[in-house]
């Protein structure tokens with residue numbers, strides 16, 4: 001992971017703070033700070049960010065308006081392309097994305113850029129807190145980079161599944177907290193529970209005590225425990241399709257190819273005829 005910026009296919013989806021610091025002038029860095037119910041990410045970006053990092057608004061740039069596709073449907077391709085050009089993304093320059101939510105929002109940007117054809121995108125392991133903890137500087141103020149030239153590829157590089165075929169996946173991973181998966185509580189969506197047959201790997205299971213991703217061999221053990229491996233078809237979902245990408249980053253690090261169900265639970269329950277399961 002420290003040989004950055006070698007090709008993504010060689011090193012996986014993560015980069016350490018020290019490796020990013022060594023290559024900071026040769027990569028595009030995006031600040032994707034967002035937390036449901038938390039302070040505005042743009043204000044926090046202005047207060048302090050990785051030097052040169054432009055701010056990406058998850059709701060405006062990385063999702064379409066809520067609807068039948070859930071609370072955070074995939075953004076329109078033109079909207080996403082324009083947003084990535086505005087923040088300086090180039091097709092042939094590595095991109096690093098980060099947040100202050102242990103990678104849960106940054107993973108959405110990672111997945112979308114990869115899905116739309118960018119070859120070299122990494123998530124800063126541990127986010128801004130790890131960057132600071134490892135002794136690297138931050139800067140304040142707005143960042144207005146030169147426009148990028150990123151083009152959305154017509155050939156998608158990551159897999160998706162929809163509501164009609166998600167239950168055909170051999171291992172369907174629910175990335176929400178166990179209480180929401182079990183239907184014991186549901187603070188956001190109108191129905192509690194999970195998609196029948198889904199197994200639970202909450203995003204916290206991907207992380208160590210510092211909030212950084214576990215080593216690939218440990219992640220393989222985490223996902224093997226629920227049957228997710230290279231021999232089976234695997235997909236992930238969450239509440240709205242955002243934090244499921246965190247499980248996809250973890251599985252990519254472990255060498256497991258998994259699809260995203262973008263609508264996730266919030267999209268699933270828009271149709272009352274779809275079945276719901278509860279319990280752990």
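Would you say residue 55 is at pLDDT 95 or above, outside the structural domain of residue 260 (by TED's automatic domain parsing), touching a strand residue (DSSP E or B) at 6+ places or on another chain (Cβ under 9 Å) and crowded, with 24+ Cβ neighbours inside 10 Å? Here the answer is no, as residue 55 does not meet what is asked.
Of the helices (runs of 4 or more DSSP H) lying entirely inside the stretch 164-270, those containing at least 3 residues that are free of Cβ contacts under 8 Å to residues at least 40 places away in the same chain are 216-224.
Evaluate the following for residue 227: is it surrounded by fewer than 23 Cβ atoms within 10 Å (Cβ to Cβ), in contact with a strand residue (DSSP E or B) (Cβ under 7 Å, 6 or more places away or on another chain) and farther than 22 Å from residue 16 by Cα? Yes, satisfied. The single condition among (1) assigned by TED's automatic domain parsing to the domain that holds residue 83; (2) at pLDDT below 95; (3) over 17 Å from the mean Cα position of the chain (by Cα) that residue 35 does not satisfy is (3).
I need a count of the residues in the stretch 144-172 that are touching a strand residue (DSSP E or B) at 6+ places or on another chain (Cβ under 8 Å), under 19 Å from residue 29 (Cα atoms) and surrounded by 13 or more Cβ atoms within 10 Å (Cβ to Cβ). Quick ask: steps written out before the conclusion?
Step one: list which residues in the stretch 144-172 are touching a strand residue (DSSP E or B) at 6+ places or on another chain (Cβ under 8 Å), which gives 144-145, 148, 158-161, 166, 169-172.
From what's left, under 19 Å from residue 29 (Cα atoms): 144-145, 148.
This time we only want the ones that are surrounded by 13 or more Cβ atoms within 10 Å (Cβ to Cβ), so: 145, 148.
So the answer is 2.
When residue 15 is tested against (1) closer than 25 Å to residue 266 by Cβ; (2) crowded, with 24+ Cβ neighbours inside 10 Å; (3) touching a strand residue (DSSP E or B) at 6+ places or on another chain (Cβ under 8 Å), just one condition goes unmet, and that condition is (1). Could we say that residue 257 is under 22 Å from residue 115 (Cα atoms) and surrounded by fewer than 20 Cβ atoms within 10 Å (Cβ to Cβ) here? So residue 257 passes the test.
Being free of Cβ contacts under 8 Å to residues at least 24 places away in the same chain and either part of a helix (DSSP H, G or I) or touching a helix residue (DSSP H, G or I) at 6+ places or on another chain (Cβ under 8 Å) (or both), is that true of even one residue in the stretch 139-162? Before the answer, list the steps.
Of the residues in the stretch 139-162, the ones free of Cβ contacts under 8 Å to residues at least 24 places away in the same chain are 154.
Retained after the next criterion (residues that are either part of a helix (DSSP H, G or I) or touching a helix residue (DSSP H, G or I) at 6+ places or on another chain (Cβ under 8 Å) (or both)): none.
Scanning the stretch 139-162 turns up no residue that is free of Cβ contacts under 8 Å to residues at least 24 places away in the same chain and either part of a helix (DSSP H, G or I) or touching a helix residue (DSSP H, G or I) at 6+ places or on another chain (Cβ under 8 Å) (or both).
For the stretch 71-118, filtering for residues that are without any contact (Cβ under 8 Å) to a residue 60 or more places away in the chain and at positive phi leaves 1.
The values are calculated or read from the model by the stated rules, or taken from the named source; none is laboratory data. Because the structure is a prediction, the values reported are computed rather than measured. Heads up, the Cβs are rebuilt from the backbone with ideal geometry, glycines too, and the neighbour counts pull from every protein chain shown.
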